[in-house]
Structure formats: C-alpha cells, structure tokens
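To start, the structure itself, in structure tokens.
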Amino acid sequence: MSVKKEHVLTCPNCGHQQKLMIWSAVNVTFDPAMRTKVFEGEINLFKCEECDHESYIEVPFLYHDMDRKFAVHFFPKHSIKNVEFLQKFNSKGLLMTEDENLKFEVPQYLKEVHIVFDMNDLVTYAVFREMLYDYQNKKMTD
Ligand SMILES: [Zn+2]
C-alpha cells in the first residue's frame, strides 16, 4: 500500500504557503504511475508557485515493488545520529518490522529492506533490481 498525507508548507525563499502531498510509502505494484514520479525525482519535491524555489522534503520513504519482490527504504542522513532511529535496526543493520509502513505485509524480502540515505541511491537501487529481475527471468525462459 501507499501512504501519503497532505501538508501545508511555507516556501523557505519567499514565505508563500502551499499544499504538498508528502509520500511516506509507495507501492509501485498498486501505483505504477508513482514509479515514474520517483524515478524523475518528483516525489516529495516542494516547488514554489510564487518564486519557483525548489527543495526536497526529507522524510523517511519506502519504495516497494511486489512483482519484483524488493523494497528499498530512504532515511534522511541526519537520522544516523538519532538513537530512536538506531533502535529500529538489529545488529546486522536490518530494519526490524515495527516500522509502520512495513507491518501490513511481511514477506522475507520486506524483512531485508535495502536502506539508503540518498534518494538518488534509492532510484539507482530500484533500477538495479529491475535489470536483475529482467535478466534472471529472461535466463529462465532461454
Ligand atoms: Zn517561494
């Protein structure tokens, strides 16, 4: 499932207030259009209607592909210094499933969510898994 919430944000450049839909999880199997948005860097991006200022809203974000059986989770870089954040992980660096975006569905691959601290890395990892999926499925039908 996808998780989103509308927020009213103030432009840091000109003070203009506008609404932005902030996504904390996207399931691209249910919402294929969101895959494109993530790949194009359009997700959680604040674009001011008044002054064109753009800034990325850093919130934890889960990307989930049920068809290709992988999930990748972005966290803002500053989270690393936060004890509450560190408590979410086991000693192998795996995210434990109390994460509210994950508790609905817990197949094995969701227990091994790939963690990134950069949205570009999230996209690169998703591309890697898509290429790998295509390659491995092609090999099986050859
Ligand atoms: Zn502005």
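In this rough spin-label picture, where each label sits 7 Å from Cα along the Cβ direction, the T36-L9 distance is 2.2 nm. With point charges of +1 on the Cβ of Lys and Arg and -1 on the Cβ of Asp and Glu, referenced to the Cα centre of the chain, which listed residue (I57, P12, M119) lies farthest in the positive direction of the dipole? So the residue furthest toward the plus end is M119. Taking Cα atoms only, the orientation of helix 119-141 departs from the longest principal axis of the chain by about 30 degrees. Just so you know, the averaged projected area of the alpha carbon convex hull for the chain sits at 9.9 nm². Loop-located trypsin sites (Lys or Arg not before Pro) in the range 48-94 (DSSP state not H, G, I, E or B) with no more than 10 neighbouring Cβ atoms inside 10 Å: K92. Within the shell defined by Cβ-Cβ distances under 10 Å, the residues around A126 carry a net charge of 0, with Lys and Arg each +1 and Asp and Glu each -1.
Measure up K47/K111; K37/K138; K5/K88; K4/K111; K111/K138 against 30 Å on the Cα-Cα distance and list the ones that go over. Exceeds cut-off: K47/K111.
Other residues lying with their Cβ under 12 Å from the Cβ of D31 contribute a combined charge of +2, Lys and Arg counting +1, Asp and Glu -1. The dipole here belongs to the chain: it is taken about the Cα centre, uses +1 on the Cβ of Lys and Arg and -1 on the Cβ of Asp and Glu, and is about 440 debye. Run through the range 25-63 and list the chymotrypsin sites (Phe, Trp or Tyr not before Pro) located in a DSSP loop whose Cβ has at most 13 other Cβ atoms within 10 Å. The qualifying sites are F30.
Restricting the GluC sites (Glu not before Pro) of the range 1-66 to loop positions (DSSP other than H, G, I, E, B) with no more than 12 neighbouring Cβ atoms within 10 Å leaves E40, E42, E49, E50. Each semi-axis of the equivalent ellipsoid for the range 1-54 is √(5λ) with λ an eigenvalue of the Cα gyration tensor; in descending order they amount to 25, 12, 6 Å. Put +1 on the Cβ of each Lys and Arg and -1 on the Cβ of each Asp and Glu in the range 3-141; which of A33, W23, M140 then has its Cα farthest toward the positive end of the dipole? Selected residue: M140. Put a dot 7 Å past the Cα of L86, heading toward its Cβ, do the same for M21, and the two dots end up 3.8 nm apart.
All of the numbers you see were taken from the coordinates with simple rules; none came from a lab. The structure displayed is predicted, hence computed values, not measured ones. Quick reminder, even Gly has a Cβ in these numbers, built from the backbone with ideal geometry, and neighbours come from all protein chains shown.
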